[in-house]
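Where a number appears in this text, it was derived from the coordinates with a stated rule and is not lab data. Predicted model, so just to flag it, every value in this text is computed and none were measured. For neighbour counting, all protein chains shown are included, and Cβ atoms are generated from backbone atoms with ideal geometry for every residue, glycine included.
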Amino acid sequence: MVERKRTSSSTRSTAAKPSPLPKIDDAASIPDAITAGVSVELPASADSTLLVATSVDSEAVYSRRHSGVSSTPEPSSMLTDDRLLDVKERPVVPLGWWQRAIFEVTFHTVNPGDSRFWSARKNLISRIATPIDGDTRYVPVLTRKGGVGKTTITTLLGMAMAQHREDRVVAIDANPDRGTLAERIPRETKNTIRSVVLKAPSIGSFTDFVEFVSRDKTGLHVLASDPDPTLADAFDEFDYNVVADVASRYYSVILTDCGTGIVHSVMRPILQRANALVIVSGGSIDEARLASETLSWLESNGRAELVRNSVVALNTATSGTMLVKLDEIENHFRSRVREVVRIPYDAHIAAGSVITWTKLNKITRDAAELLAAYVVEGITSND
């Protein structure tokens, strides 16, 4: 602040002229000159005083933290989070029994980090939770042989993804032969995929769409196929495109439980939209051959790149698994696809009823999560 003294009217005419303003040679130095202030002196015979404020950095004013009462009234913008909150960072507790013990014994001064097991688990979950940039991703789950667990694999994959991802995942039952995907989770609605086709023009929000799906505790949404085989068989490529277009407005990942007929008309749009594939194979010789022939058919029909990016789910719960060399089957598929994941036998799944994620064996959940991580890597590789 610069104090300026003002003379009385009787002496104003004889007052000395104020000192000239400082000369500024460079335009770039103008801000510095102004910030420093200008000193102006007038005769001492003043009868009043006037305060003239110099300019200050406004950002500094609003970002500084006061330790006492300001000498001037403060604007409301001074009540910032940085000034009012005293946030204390909590120490990150390591995972693992002996790592936690060292952390506690040393009064939180030594943090050895997570154990190898928990580090690997965090990495796996992080892979599943990888954000998807851009459009919805489509993942068909298919096979040419029934009874190898295709619907079960679709359910496990969807649950593992929904459990760890922040966006939405939906599984669509596009099986024209009376699919059972909706029976793998608690059924909440009688609406089916046919209902979406008929009411598509009236679906204008996510709230409207969820009336057609069932949901489980992991967050997976399932759109059922029609229980009437005649109506299900009539579900064609036009209908699938309608359903896929509507669902893509609200979901980042769309899983499709396909039928066994890979030449059915609905398979055309399913494969055209596919970003990755999951091929399901059983553990017997004929089941493995049919799965391999499915890959050959896809390659011969212009889907070679899709085959190379696909993942084979090898269901070891099928009959005949104990009689064959699973390692040889796995090696065969590894020569053709990106990854192979073995899905173990689980009594909870074998019952053929609703699948509850928390009731699955840990080894089954681990296999489902590994499958989900491989699938997410395939659909986000180009992001």
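For the cross-link pairs 88/362; 190/217; 150/217; 145/362; 150/325; 325/359, the ones whose C-alpha atoms lie over 25 Å apart are 88/362; 145/362; 325/359. In plain terms, the residue of 362, 190 with the fewest other Cβ atoms within 10 Å comes first and the most crowded comes last, giving 362, 190.
Converting the Cα gyration tensor eigenvalues of region 133-380 into ellipsoid dimensions via √(5λ) gives semi-axes, longest first, of 27, 20, 17 Å.
Legend: ranking of residues 240, 250, 345 from fewest to most surrounding C-beta atoms inside 10 Å; resulting order 345, 250, 240.
How high is the relative contact order of region 251-383? Use alpha-carbon pairs under 8 Å, at least six apart in sequence, and give a whole percent.
Values: 144 pairs, mean separation 31.5, N = 133.
Relative contact order here is 24 percent.
Between residue 132 and residue 305, the simple label model (points 7 Å from Cα in the Cβ direction) yields a spacing of 1.9 nm. Give me the log10 of I(q) over I(0) for region 56-183 at q = 0.11 Å⁻¹, as the Debye formula computes it from C-alpha points; what are the numbers? Ignoring solvent entirely, the Cα scatterers give -0.77.
For 252, 225, 296, which order do you get if you count the other beta carbons within 10 Å of each Cβ and list the fewest first? Walk me through the numbers on the way to the answer.
Working: 252 20, 225 25, 296 11.
The fewest-first ordering by Cβ neighbours comes to 296, 252, 225.
With the alpha-carbon atoms of region 160-295 aligned to their principal axes, the span from lowest to highest coordinate is 46, 35, 26 Å, starting with the largest.
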